[in-house]
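Computed from the coordinates by the stated procedures, all read-outs in this text should not be read as laboratory data. If you're wondering where the values come from, they're calculated on a predicted model, not measured in any experiment. FYI the Cβ positions are ideal-geometry reconstructions off the backbone, even for glycines, and counts take in every protein chain you see.
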């Protein structure tokens, strides 16, 4: 039996099917409410950076600012008071070099763990990964004394050493899983094509692991950038001070800057991470997909 | 160009033996196919030749040179993998030239070789595409191209067609054969598909449990299976086996099973024939001929059988049925519609009855051949 297709009301069918997929109004309302609560701190930040000190004191915290210009003054104030330029340079150095080295070493470790033939691979992996099992604070005091003994306290080298080491385990886990999924026949083909072990790693495996490497690099960079605890303890001289550490001048009993300055400083300090994310977001999303983080 | 000689090759993983001593000579320019069920050691053997697995024991000679400890790249071998193993981040051009760049070949020469391979494989339109933008057949051709550009002395194929759909597989099979003949390169091809093996091979090597079950030309392996396993593995549909014994009456020999009584060619089996000996009788589907359909064997015995299932293939039918309680497959040429449980008369070509020892499962004619040879030596 044939269906008389021309008599069917396809618009009505489409409407009915769309209605089935649509959520109820109250689920949307609850979702909206939760989003609102979530967004309030961002709103607070967004309006406060446009207020002068007097304006901030005079008005309710959530009231809108009078104009946009005060942000320039706030930014200059924050930048100079906290010596943010210096902190930014230091943190960028720690973040880029530390996370970069960590991901590269992690990739080499992951390659070894998935491709090279040696005994007790799992044990070695556990040794590497054990570093992230315990709370990081546990390392703080021993590291401090160790650094003091070795004279690398308050040095760029010391900071990079720590950040690189602490950032290796997680990318190793991610990249090991990823490389496990890469075809063995691909590197066998390369080896038969005459590639040495290092060439296989550098020219065959690495280019294919670019996605997860970028994703883990971003995560580790952000962690290093946002780290306050270790940079305070291990690098508290002005020349090694990180950006988060620099922001601390706004805290404590002698601090005089108002919340508008503090918030502007916080906003400026978080910009690099955000910019980096947008620059690398294509790779990042790809990496998220393959690693299903 | 080179011949390949395997001598006593063994692969051991700890105590487990994947390959239990392979002796084989592969002549220059020939195409040899390793075929066998999964886990028979065919891929492992190929990988030992490729240099991807170490050789636990024995010798491998390529072009006369001992290659056991040579790194893969110095062996003059190129391999096409089952998954193609193309480099996903490189274009077709880069995939093809990767090995040549690693060998630091001058650029014009690389371009020339790539161009040559590309012409042979008709890959020109795809040179700047990535593997992900190619179809299965095109990827397959790139994989072959990558092997060709190196101008190797030996080609290795590891189940290269198993990821293609049936139609493309037949097409590529012909293409591989043509290419091999054109380039005249010694080729070793691994597959679990016996049709692929038979259509491609100059020489078939049937493997089982890490050993060679039989090596020979396609026709030889098909006509004279050395064992029940080879008889069953080569040929499609499978050979039908009947559990029975040998009897003698009035000087003539017979194979007798529950439902069959077939005269045995005494000349072929000679001294191996002993009254009461327990044997397997093997018959191919084309030697169990439905009466009145297709070419009738001259020397035949007629048996009544019941068809339990008929596969209608258009040009022929495959009839699955029983003689008594033993199952068989028959090939019906000039087919007609067959009903289930239809009773039919089958003409069995008794000249092509294969007999295998019940215990060793080896062909009885091996025993008589050995006799012949030892007699010849005596004289």
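Data table
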{"item": "Single unsatisfied condition, residue A:44 versus (1) surrounded by fewer than 11 Cβ atoms within 10 Å (Cβ to Cβ); (2) in a helix (DSSP H, G or I); (3) in contact (Cβ under 8 Å) with a residue 12 or more places away in the chain", "result": "(1)"}
{"item": "Every residue from region B:125-163 that is within 11 Å of chain A (Cβ to nearest Cβ) and in a strand (DSSP E or B)", "result": "B:156, B:158"}
{"item": "Subset of region A:188-204 that is more than 10 Å from chain B (Cβ to nearest Cβ) and free of Cβ contacts under 8 Å to residues at least 40 places away in the same chain - its residue that is nearest to residue B:86 (Cα to Cα)", "result": "A:202"}
{"item": "Test: residue in region A:162-177 that is touching a residue at least 40 places away in the same chain (Cβ under 8 Å) and under 30 Å from residue A:261 (Cα atoms)", "result": "yes"}
{"item": "Condition broken by residue B:120, with the remaining ones in (1) within 22 Å of residue B:165 (Cα to Cα); (2) in contact (Cβ under 8 Å) with a residue 40 or more places away in the chain; (3) away from chain A (no Cβ under 12 Å) satisfied", "result": "(1)"}
{"item": "Flag if residue A:215 is under 19 Å from the mean Cα position of the chain (by Cα), in a helix (DSSP H, G or I), more than 14 Å from chain B (Cβ to nearest Cβ) and surrounded by fewer than 20 Cβ atoms within 10 Å (Cβ to Cβ)", "result": "no"}
{"item": "The lone exception for residue B:306 - which of (1) in contact with a strand residue (DSSP E or B) (Cβ under 6 Å, 6 or more places away or on another chain); (2) within 20 Å of residue B:235 (Cβ to Cβ) it fails", "result": "(2)"}
{"item": "Strands (runs of 3 or more DSSP E) lying entirely in region B:1-112 (those with 1 or more residues that are on the phi > 0 side of the Ramachandran plot)", "result": "B:4-13, B:16-26, B:57-62"}
{"item": "Matching strands (runs of 3 or more DSSP E) fully within region B:164-271 where at least 3 residues are within 20 Å of residue B:362 (Cβ to Cβ)", "result": "B:203-208, B:211-216, B:240-249, B:252-257"}
{"item": "Residue identified as surrounded by 15 or more Cβ atoms within 10 Å (Cβ to Cβ) and farther than 30 Å from residue B:205 by Cα among B:247, B:322", "result": "B:247"}
{"item": "Qualifying residues in region B:53-85 (those that are in contact (Cβ under 8 Å) with a residue 60 or more places away in the chain and more than 10 Å from chain A (Cβ to nearest Cβ)) - the one surrounded by the fewest Cβ atoms within 10 Å (Cβ to Cβ)", "result": "B:64"}
{"item": "Hits in region A:103-150 (condition: within 21 Å of the chain's Cα centre (by Cα) and not in a helix (DSSP H, G or I))", "result": "A:131, A:132, A:133, A:134, A:135"}
